[in-house]
Amino acid sequence: MTKLPPPPLRVFVVGDEHYFRDRGAYHLYPYNVFFDPWASTLPPSSAVRKRDYLVVFEPAGMRYEPAQQRLHWGAGPLISAELVLADGGAALFKIL
């Protein structure tokens, strides 16, 4: 993936469909990939850090505010994030 810097870095993969989570994670190795293969769960917002990346495949309950570069899901706080790439219902964010 040319939008990601070389490993090592952490990449979270989330989405409502297990197929997209599993395939997305598979194609991102050898990065440090975190995903839930059994359920559509988002990581707690407290688990992500600066310079992490988040790959999103249409998960419910997530919203992005492009003007403020803020990402929000669940009951956690807004997280500073840059939209790196968006295409066909999928998006790549860099946590700032």
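Annotations for the structure displayed:
- Global form of segment 42-91, assessed from the alpha-carbon gyration tensor, a/c cut-off 1.5: rounded
- Of all DSSP beta bridges in the chain, antiparallel share, percent nearest 5: 70
- Residue-averaged 222 nm ellipticity for the chain, from DSSP H runs of 4+ at -39500 (n - 2.57), nearest 500: -3500 deg cm²/dmol
- Taken along its principal axes, the alpha carbon cloud of the chain reaches lengths of 31, 28, 26 Å, longest axis first.
- Within the shell defined by Cβ-Cβ distances under 12 Å, the residues around Arg51 carry a net charge of +2, with Lys and Arg each +1 and Asp and Glu each -1.
- Gaussian network model of the chain, Cα within-10 Å springs - most flexible of Pro37, Pro59, Pro77: Pro77
- Global geometry of segment 1-53, whether rounded, prolate or oblate, following the gyration tensor of its Cα atoms and the 1.5 cut on a/c: oblate
No lab work stands behind these numbers, since they all come straight from the coordinates. The model shown is predicted, which means the values in this text are computed figures rather than measured ones. Cβ: placed from backbone, ideal geometry, glycine included. Neighbour counts: every protein chain shown.
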